[in-house]
Amino acid sequence: MDSPIAKHSNTRTIAVLLPLPLAGPYDYAVPDGVSLSPGDFVTAPLGARQMVGVVWGAGKGGIDPAKLKPVRAKLDLPPLPEDLRRFIDWVADYTLAAPGAVLRLAMRAPSAAQPKKPRRAVAFDAPDAEHPGPQLSVQQADAARALGDAVQAQNYSCTLLQGVTGSGKTEVYFEAIAQALRQGKQALVLLPEIALTVQFLQRFAARFGAAPAEWHSQLPDARRRNIWRAVASGEARVVVGARSALFLAFTDLGLIIADEEHDAAYKQEDGVIYHARDMAVVRAHLKDIPIVLSSATPSLETVVNAQTGRYGHLILPDRHGGAQLASIEAVDMRATGLPAGQFISPRLLHLMGETLARGEQVLLFLNRRGYAPLTLCRACGNRMECPNCSAWLVEHRYHNRMLCHHCGHEAQKPKVCPACAAEDKMVALGPGIERLAEEVAAAFPEFTPAMLSGDHSVDQVRGAIAAFTRGETKLLIGTQIIVKGHHFPDLTLVGVIDADLGLAGGDLRAAERTFQMLHQVSGRAGRAQRPGHAVLQTYMPEHPVMQALISGDQAQFLAAESDARRARALPPFGRLAALILSGPDQQQVRDFATMLVRHAPNGKDLHVLGPAPAPLALLRGRHRYRLLLMATRQHNVQALLRRWLGRVNVPPRVRLNVDIDPYSFM
Ligand code: ADP
Ligand code: ZN
């Protein structure tokens with residue numbers, strides 16, 4: 001079929017979007033005899049280069065036809081579907097990113113760009129909706145039926161599936177996937193951290209008799225190409241993936257699930273800055289299909305949308321099979337009198353001993369990689385800092401290195417203080433999981449604790465989780481990597497070493513996030529027959545977050561959070577946009593930030609805060625300043641920002657990043 005291609009003096013022109021941060025698509029001429037439609041992949045010249053891009057529509061015109069360069073070739077790839085192109089434009093518009101930068105997310109260079117057919121095409125087994133699944137409880141079956149109806153309706157709806165950890169949310173949304181499969185539709189399951197989904201893949205295969213296609217950034221290029229094509233051709237029916245799976249070129253997408261919808265890992269923090277859960281809702285809306293947001297601890301954003309009726313709300317109040325939620329106690333660390341260098345309270349040690357003696361498992365949670373977060377000279381007070389960032393170097397004893405967790409800078413641990421040359425005065429302060437492992441090994445020499453953190457490879461993480469699931473290891477010490485989704489039948493005790501850690505930064509979601517994380521990690525305990533228990537070590541047991549965790553009253557906690565946010569017009573009751581300015585020359589960045597503020601929009605219910613040096617004032621050698629636009633929901637923040645930024649010129653060497661709906665305030 002012929003596409004709507006504009007004619008200019010007998011030259012057909014089309015607009016091609018290239019996967020680059022340009023203002024928009026560029027016009028090209030279509031060679032005679034070539035037929036191109038929107039969505040087609042083409043190669044086109046840009047300067048001296050040939051680039052792969054996508055036909056975006058008719059040319060804008062207004063260019064001398066003699067100067068127009070021709071498209072070089074049409075590639076043998078399935079075209080980018082219309083709904084995905086609209087989605088790309090929508091995301092660009094919302095995030096103020098260049099459309100080509102968003103397109104790049106949909107192309108992930110080698111996957112789509114290679115004209116060559118992959119040599120070894122892997123077949124994708126079709127998941128079987130009728131493969132026997134578990135017998136659902138009455139509550140589960142009701143929820144599954146409601147989701148099945150939403151899928152059957154084949155139009156947009158958004159449903160919050162809320163249920164305590166272990167209530168069977170996964171089994172329930174599997175039924176929605178089954179319904180999509182029966183209708184010949186594809187399904188997408190988004191997970192915040194795909195690298196940790198061994199158990200998900202196994203459970204999926206157990207339910208559907210075949211594995212889903214798995215999409216994440218660590219796949220080898222050939223495999224990515226393969227999956228990209230299989231999704232675009234419809235061969236792959238179900239995809240489980242991280243954020244970027246949202247930009248795959250599904251032919252028949254009929255359902256999106258965002259599991260652990262509250263998870264901050266859904267926010268992409270560099271490049272195109274977007275929230276994958278929010279954009280998943282947009283994609284469902286544009287495609288007119290249902291989406292399910294699943295969580296035991298939904299975000300306040302989603303809860304408010306459910307309360308106002310914008311989202312449907314299904315609740316699974318009980319754990320499957322009558323398992324009880326873990327009981328939670330706080331240990332007041334002010335009263336423990338622990339000696340320096342020890343971090344496990346006598347109470348927790350006692351419970352660990354009892355649990356291990358019963359042959360059950362213990363999980364210790366500490367959201368700090370490495371050995372110690374701070375190394376200090378006892379003689380002069382010098383702290384080991386990163387030369388490129390406003391951050392301490394973290395000792396990693398296992399690798400015998402000091403590391404910056406922001407830029408990756410590495411140094412040897414010094415034998416003498418680099419500032420005062422004193423010998424043997426450098427001391428490690430505070431715990432990381434490596435140091436905790438030492439303490440545990442000293443207390444329980446007959447057990448070897450396993451450690452898990454972002455320092456470990458995907459395979460190591462999968463291996464350690466599998467070993468713990470099988471009960472081969474009894475003690476696991478980990479960072480937030482262990483919080484999510486895992487089901488460990490013999491785990492009955494969870495110890496949170498520093499429950500206050502997440503409250504320290506104090507951004508607007510600090511309490512909400514701490515509650516979610518500690519609730520989730522406590523929820524790892526007692527998921528099978530034996531009851532579970534969690535210990536929160538805290539210096540503020542009276543804090544509302546600790547009180548809510550102990551009482552288990554999530555609804556009351558959320559209501560209080562909600563009131564506090566509403567009173568200050570903070571999200572979800574108001575809108576925020578952050579401007580982050582950075583550059584190698586501090587004075588230049590500060591001057592530009594000051595100038596920006598002079599041009600700031602003003603109006604009713606509109607405030608611009610800053611400029612202020614960012615908490616991470618220096619990052620990778622760049623000085624950083626922040627501005628925050630706060631507005632009520634009546635304001636169109638994107639339009640305000642466009643007008644504002646249109647009035648200024650960003651100096652060379654200064655970078656300006658716009659973060660709509662910021663989650664990080666560093
Ligand atoms: P959630 O996602 O709510 O945390 P899961 O779906 O992971 O809960 O379920 C927790 C555990 O209970 C899993 O091992 C799951 O297989 C099991 N389970 C849940 N519902 C059923 C059921 N109806 N029949 C058998 N096992 C179930
Ligand atoms: Zn650094």
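The values are calculated or read from the model by the stated rules, or taken from the named source; none is laboratory data. In this text, all values refer to a predicted model and were calculated from it rather than measured experimentally. Don't worry about glycine lacking a Cβ; one is built from the backbone with ideal geometry, like all the others, and counts go over all protein chains shown. Each accessible area value is taken on the protein alone, full model and side chains, heavy atoms only, with ligands, DNA and RNA left out. Shrake-Rupley method; radii C 1.70, N 1.55, O 1.52, S 1.80 Å.
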Can you give the % of DSSP beta bridges in the chain that are antiparallel, to the nearest 5? 55
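Report relative contact order for the chain in percent, whole number only (criteria: Cα-Cα under 8 Å, sequence separation at least 6).
Relative contact order of the chain: 11 percent.
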Per the Kirkwood definition applied to all pairs of different Cα atoms, how many angstroms is the hydrodynamic radius of the stretch 315-474? 18.3
Could you tally the net charge around Ala242, taking each other residue with its Cβ under 10 Å from the Cβ of Ala242, Lys/Arg +1 and Asp/Glu -1? -1
Please list, in order along the stretch 171-181, the HN-Hα scalar couplings obtained from phi with the Karplus expression 6.51 cos²θ - 1.76 cosθ + 1.60 (θ = phi - 60°), rounded to whole Hz, x for Gly and Pro. 4, 5, 6, 4, 5, 5, 5, 4, 5, 4, 4
Other-chain or far-sequence residues with amide H under 5 Å of His409's (modelled H): Cys404
Which cross-chain or sequence-distant (5 or more) residues have an amide H under 5 Å from the amide H of Tyr274, H modelled 1.01 Å from N in plane? Gln268
Give Lys287/Lys604; Lys69/Lys287; Lys169/Lys267; Lys267/Lys287 a once-over and call out the pairs whose C-alpha atoms are over 28 Å from each other. Lys287/Lys604; Lys69/Lys287
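For the stretch 517-666, what number results from the quotient of the Cα radius of gyration and 2.2 N^0.38 Å?
Compared with the compact-globule rule of thumb, the stretch 517-666 sits at 1.40.
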Accessible area, probe 1.4 Å, largest first, for residues Val102, Val650: Val650, Val102
At 1.4 Å probe size, with the rest of the protein present, what percent of the exposed accessible area of the chain is carbon and sulfur atoms? 51
Can you send over the solvent-accessible area of Tyr625, 1.4 Å probe, protein chains only, in Å² to the nearest 10? 10
Could you tell me the accessible area of Ser299 in Å² (1.4 Å probe, neighbours in place), rounded to the nearest ten? 10
Determine the per residue accessible area of the chain with all protein chains present and a 1.4 angstrom probe, expressed in square angstrom. 42
For the chain, the Debye formula with one identical point scatterer on each Cα and no solvent gives log10 I(q)/I(0) at q = 0.07, 0.08, 0.12 Å⁻¹ as -0.52, -0.69, -1.48
Can you give me the Cα centroid spacing of the stretch 230-266 and the stretch 43-76 in angstrom? 30
Run down the aspartates and glutamates and flag those whose C-alpha is under 12 Å from the C-alpha of Lys74, throwing out any fewer than 8 positions away in its chain. Asp40
Whenever you get a sec, line up Lys287, Lys484, Lys425, Lys415 from highest to lowest accessible area (probe 1.4 Å, protein heavy atoms). Lys415, Lys425, Lys287, Lys484
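Which semi-axis lengths, in whole Å and largest first, follow from the square roots of five times the eigenvalues of the Cα gyration tensor of the stretch 518-598?
Value: 42, 19, 12 Å, ordered largest first.
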If I fit a long axis through the Cα atoms of helix 276-287 and take the longest principal axis of the Cα atoms of the chain, what angle between them do I get, 0 to 90°, rounded to 10? 40
Heavy-atom accessible area order for Ser233, Ser157, largest first, 1.4 Å probe: Ser233, Ser157
Give me the compactness ratio for the stretch 153-221, meaning the Cα radius of gyration over 2.2 N^0.38 Å. 1.21
Taking amide H positions as placed 1.01 Å from N in the peptide plane, with prolines and chain starts having none, which residues 5 or more places from Ala258, or on another chain, fall under 5 Å of its amide H? Leu190, Val292, Leu293, Ser294
What is the Cα convex hull volume of the stretch 85-239 when expressed per residue in Å³? 139
Straight distance only, please: which lysines reach the Cα of Lys425 with their own Cα at less than 28 Å, same-chain residues fewer than 8 apart left out? Lys413, Lys415
